Every structure is written in structure tokens, then in C-alpha cells.
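Since every read-out is calculated from the coordinates, none of them should be taken as a lab result. All values derive from a computational prediction rather than experimental measurement. Every residue, glycine as well, gets a Cβ built from its backbone with ideal geometry; the counts of neighbours run over all protein chains shown.
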Amino acid sequence: MAEPAPNCGPESSPTHAPYALATGSAAVRRLHALHGVYSPFARGVLADAGLKAGMKVADFGCGVGMTTRMLAEIVGPSGSVTGVDFSAEQVEEAREISARADIGNVSFLQANACDTGLPRASFDLAYCRFLLLHLPNPAACIEEMLAILKPGGILVLEDGDLTTAMSQPPTALDAFADLFGRLGPTRGLDYSMAKDLHRLVEAAGISGARVVYHQPACITDEHRQFLKWSVEEAGSAFVGASLITEEQLATTLLEMQQAVDTPDVTILAPRMYLVSCVKG
Ligand SMILES: C[S@@+](CC[C@H](N)C(=O)[O-])C[C@H]1O[C@@H](n2cnc3c(N)ncnc32)[C@H](O)[C@@H]1O
């Protein structure tokens, strides 16, 4: 098992690293944009994998519950979804948004995704999006996801390679890939681990996994902000790791916004990998 990197702070453990992005209400706008960019494709993959009404589902690393509520809509009132997140702020925000929307078939749990305490062999489907790349030991999380699935249960893993985000022509938006690519090793993380996701599933003893990837363009005004908002949120982590100075960060954010506001600039979100399989 990997040792936590020395600069990960008191929150670090072999299965958890401090999260570089915002949590709670401050995370909502970025996660809403992220959901808009990636969820249309994911819905198709989840349907192909076998997600349907009446299922009992677990959403690992649920954030403010964007994915949890999407899954709840699909499983309907006869099904249920449990969202799990390490952050108390994310869980509180997820509960508040879901209560405001009067969604009754979701519940949220504050726990480490690698050791949730959820009942063993009791879920029909386990899912995560943009979680595994934040973990120093993603294999431990996959093991936990498999443990809570019934035999024949479905596992769907969705993670992006942050180093593949880009703009065309090249602009300051390319700082996203550069900064996250360099931040990972300072925290014992690999923000491009998604490209090897299927190997982690094979290593967990699962064969016949289906692997697809896609790289969506950010078209709407909100979606075009996704890369810039992410760099803004993780700014203190980049500065803290001496990857950029405060002054350089401020200039980079201004230049990123100029690129966002230039319609001729094509913005590609990180390439997303989706792996689906069945527990034997
Ligand atoms: C990028 S967000 C993704 C949220 C959600 N899956 C989505 O796509 O909207 C990653 C989430 O993983 C959570 N996280 C990070 N490490 C975790 C851990 N060890 N256990 C559970 N959640 C964790 C963070 O708190 C954060 O909410």
C-alpha cells in the first residue's frame, strides 16, 4: 500500500489525500458545469451496463449529489441511491439540494470511499465519477465497491485524465492540464490514472470489462467555464505546492477568462474513461 506523501497534511492516510478543489456551496457551480458536460454520455453507458428502475445503487465520492440525483431519477421511487463522500461539507450540501428538490429516494453518508461501512453484498450497482483520481490507493476503493455489490451486481467507474484537457488554438486554458499534471505527484496522486482504469479492474479479478472513452467539447457559456473554475478552486493547492506564484495565478486566470470569452477557441474537457463490468 502506498505511503501518504509527506506534504499531504494531517488529513492524509493511505486511502485518502486532502482534496484540492472546493467543497460545499463553493463547489456547486463547477460540479454543475461538469455534470452538464459529462452526464449525457454517462447515462447511455449506465443504461447499457444495466441500470434500471427499482435498483439499489451506491454513488461513491458523490460530491454535492449531482450524480446521486441523476441515478435516483433513473431508478425511480421503487429504487434508492446512497451517496458517499469523505467531506462533511459536500454531504451537507448534497442533502440540502436534494431536500429542496423533494427527492425522496436518496440518502447520504459521510465516509471514506475505501471503507464505507455499507452492508456487504447488498447493492445492485456501484458507481463513481471523478473520484478514483483523487485517491492514493484507488484499488482499495474498487475493492470496497465490489464488496458492497451483490453477486451479479454492476460496477461502473468513470474517471477523467486531467492532463488531456486542451484548447484549440492553444491558450492559457492549457494551464489546467499542466498544473493538475504537476500537482498530482506532490500529493501522491496521478491525475491521469483514468487511462489505466481497466487494468485496475482486471487486477481486482474481474474479466470482460467494457471500456469506452470520450472527450466532449465545452459548448455552452457555463460549460466553457469548467477548466477556468477548476484552476480557480485549486489555486491555493497550486501555489502551496510552488507550481505557480499568486501573481502568475491571477494573470493566468485573467487570460483563461479571455479565452473562455473568445468564441473561436474550442475547449475540450478532460478525456473521460468509463469502465463497466459485472461482479462474478
Ligand atoms: C470531483 S468531485 C466529484 C463529485 C461527483 N462524483 C460528481 O461527479 O459530481 C470528487 C469528490 O470525491 C470526494 N472524495 C475525495 N476523496 C475521498 C475519499 N477518500 N472518500 C470519499 N470521497 C472522497 C471529494 O470530497 C469530492 O466530493
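Quick check: residue separation of Asp102 and Leu254 times 0.36 nm, minus the Cα distance between them. What number comes out in nm? If you can, show how the numbers build up before the last one.
Details: separation 152, 0.36 × 152 = 54.72 nm, distance 3.87 nm.
Between Asp102 and Leu254, full extension yields an extra 50.8 nm.
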Once Lys and Arg are counted +1 and Asp and Glu -1 for all other residues with Cβ under 10 Å from that of Phe226, the total becomes +3
Once the in-chain neighbours fewer than 8 apart are removed, the lysines whose Cα is under 19 Å from Lys56 read Lys150, Lys279
Ranked from fewest to most other Cβ atoms within 10 Å of their own Cβ, Val278, Val260 fall in the order Val278, Val260
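Classify region 103-151 from the C-alpha gyration tensor, please: rounded if a/c falls under 1.5, else prolate or oblate depending on whether a/b exceeds b/c. Could the numbers behind the result be given before it?
On the way: a/c = 1.79, a/b = 1.26, b/c = 1.42.
It is oblate, given that a/c is not under 1.5 and a/b is not larger than b/c.
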Taking Cα atoms, the helix 246-260 axis meets the longest principal axis of the chain at an angle in degrees (rounded to 10) of 80 degrees
If Glu96, Glu232 are placed from fewest to most neighbouring beta carbons inside 10 Å, the sequence is Glu96, Glu232
Reduced to Cα centres, the span from region 201-231 to region 124-161 in Å works out to 15 Å
Per-residue ellipticity at 222 nm attributable to helices in the chain (runs of n ≥ 4 DSSP H, -39500 (n - 2.57) apiece, nearest 500 deg cm²/dmol) works out to -11500 deg cm²/dmol
Length gained if Arg210 through Asp264 is fully extended, taking 0.36 nm per residue and subtracting the Cα-Cα distance, is 15.9 nm
Rounded to the nearest Å, the spacing of the alpha-carbon centers of region 64-81 and region 86-108 is 11 Å
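Please state the shape class of region 161-266: rounded when a/c is under 1.5, otherwise prolate if a/b exceeds b/c and oblate if not, all from the C-alpha gyration tensor. Mind dumping the intermediate values first?
Working: a/c = 3.22, a/b = 1.46, b/c = 2.20.
Since a/c reaches 1.5 but b/c is at least a/b, the shape of region 161-266 is classed as oblate.
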Gyration tensor on Cα atoms of the chain, a ≥ b ≥ c root eigenvalues, a/c under 1.5 rounded, else prolate if a/b beats b/c, else oblate, says prolate
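Within the set of other residues whose C-beta is less than 15 Å from the C-beta of His214, count the net charge using Lys and Arg as +1 and Asp and Glu as -1.
On the way: positive: Arg43, Arg129, Lys195, Arg210, Arg271; negative: Asp48, Glu158, Asp159, Asp161.
Neighbourhood net charge equals +1.
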